[in-house]
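The values are calculated or read from the model by the stated rules, or taken from the named source; none is laboratory data. Just so you know, these numbers come straight off a predicted model, no measurement behind them. So basically every Cβ, Gly included, is an ideal-geometry build from the backbone, and we count neighbours across all protein chains shown.
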Amino acid sequence: MWIIAPLLCGLIFGAGLLISGMVQPTKVLGFLDIFGAWDPSLAVVMGAALAVSIPGFMLADRNARPWFAGQYFRPGKSGIDLPLVSGAGLFGIGWGLVGLCPGPALESLATLSPGIIVFVAAMAAGMIAHDAWQQSRLAAQRERLLASATDG
Amino acid sequence: MANFTPVSAAIGGALIGLSAVLLMLSTGRIAGISGIFSGLLNLRGEDKGWRISFVGGLILAPILAGLIGYGMAQPKLPSSWAVIVVAGLLVGFGTRLGGGCTSGHGICGIGRLSLRSIVATIVFMVTAVVTVAITHHALGG
């Protein structure tokens with residue numbers, strides 16, 4: 001059951017993107033293009049999703065544990081910092097360039113479109129580059145700490 | 001607003017919200033697609049099963065829809081490969097640095113009334129709108 005539940009959730013998520021039309025970059029760009037023939041559909045998608053997710057997450061908060069797992073895996077970070085703002089800013093630029101965010105991009109792999117395959121490969125490369133950069137930063141930080149500890 | 005499709009948008013949006021809630025209730029996980037996908041890219045880490053399963057369902061959806069006669073059209077992308085690659089790199093790097101994308105921050109995070117996610121969503125909406133304004137209008141594309 002633990003493997004069926006995420007599969008069903010992926011299917012429902014994919015159906016939502018298909019039915020709303022948000023799987024199509026042109027539909028997303030129609031929302032982002034506020035100076036053109038503006039299409040507010042994406043705002044309705046988000047509003048409807050939140051109308052379900054806000055009470056749904058409140059319900060989940062009342063359960064001590066998920067149905068098929070030992071604990072909830074909630075993001076631990078709080079507070080606004082520079083990585084959050086700069087990361088969201090960069091993501092928005094990429095999103096606006098093509099009209100694809102990660103969900104629709106992965107779902108569109110089903111069409112075997114060469115452009116989608118290249119986009120997803122570049123997206124994966126961007127993620128790997130970020131993680132490698134973070135790791136080297138952490139390693140350098142650790143080295144500096146060790147150096148100062150032996151110096152002192 | 002000739003392209004506005006409020007009914008299908010509301011039905012689709014409600015399904016996306018339902019998926020996020022069901023994933024949280026069943027497995028305790030956040031339905032943030034960038035986070036789910038990036039967890040598949042490192043060689044270590046043992047919690048890959050549910051991620052593969054979710055992404056598999058996501059890719060299976062248009063295939064099943066095609067079987068019942070609602071096939072998905074080929075997505076329309078820019079003709080320039082350079083633009084596609086740069087956009088992909090920015091989406092990948094930016095979602096990792098900012099800790100989420102449209103689903104993770106926009107639907108799950110705001111759904112949990114997280115201030116971080118509200119700020120992130122406003123920021124990526126603004127930079128995306130500015131990017132489209134520049135590429136579609138200022139550059140005459």
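Can you name the residue in segment A:1-48 that is among the hydroxyl-bearing types (Ser, Thr, Tyr) and free of Cβ contacts under 8 Å to residues at least 60 places away in the same chain and, of all such residues, is nearest to the other protein chains (Cβ to nearest Cβ)? Per the stated criteria, the residue is A:20. The residues of segment B:23-58 that are more than 22 Å from residue A:70 (Cβ to Cβ) and either buried (at least 20 other Cβ atoms within 10 Å of the Cβ) or in contact with a Pro (Cβ under 7 Å, 6 or more places away or on another chain) (or both), listed by number, are B:33, B:34, B:37, B:38, B:55, B:57, B:58.
The residues listed here are A:60, A:125; of these, the one that is small (Gly, Ala, Ser), assigned to a helix (DSSP H, G or I) and either farther than 19 Å from residue B:40 by Cβ or in the same structural domain as residue A:29 (by TED's automatic domain parsing) (or both) is A:60. For segment A:69-107, the tally of residues that are within 21 Å of residue B:112 (Cα to Cα) and over 14 Å from the mean Cα position of the chain (by Cα) stands at 14. Is it the case that some residue within segment B:113-120 is more than 7 Å from chain A (Cβ to nearest Cβ), more than 23 Å from residue A:3 (Cα to Cα), at pLDDT 95 or above and in contact with a helix residue (DSSP H, G or I) (Cβ under 7 Å, 6 or more places away or on another chain)? The answer is yes; a qualifying residue exists. Is there a residue in segment A:74-90 that is closer than 22 Å to residue B:80 by Cα and facing chain B (nearest Cβ under 9 Å)? Yes, there is a match, as at least one residue in segment A:74-90 is closer than 22 Å to residue B:80 by Cα and facing chain B (nearest Cβ under 9 Å). Does residue A:73 satisfy being in contact (Cβ under 8 Å) with a residue 24 or more places away in the chain and of a type in the set (Phe, Trp, Tyr)? So residue A:73 fails the test.
Is there a residue being of a type in the set (Ser, Thr, Tyr), without any contact (Cβ under 8 Å) to a residue 40 or more places away in the chain and either within 7 Å of chain B (Cβ to nearest Cβ) or in a helix (DSSP H, G or I) (or both) anywhere in segment A:92-110? Looking for residues that are of a type in the set (Ser, Thr, Tyr), without any contact (Cβ under 8 Å) to a residue 40 or more places away in the chain and either within 7 Å of chain B (Cβ to nearest Cβ) or in a helix (DSSP H, G or I) (or both), one finds none in segment A:92-110, hence no. The single residue among B:110, B:84, B:59 that is more than 23 Å from residue B:10 (Cα to Cα), within 7 Å of chain A (Cβ to nearest Cβ) and in a helix (DSSP H, G or I) turns out to be B:84.
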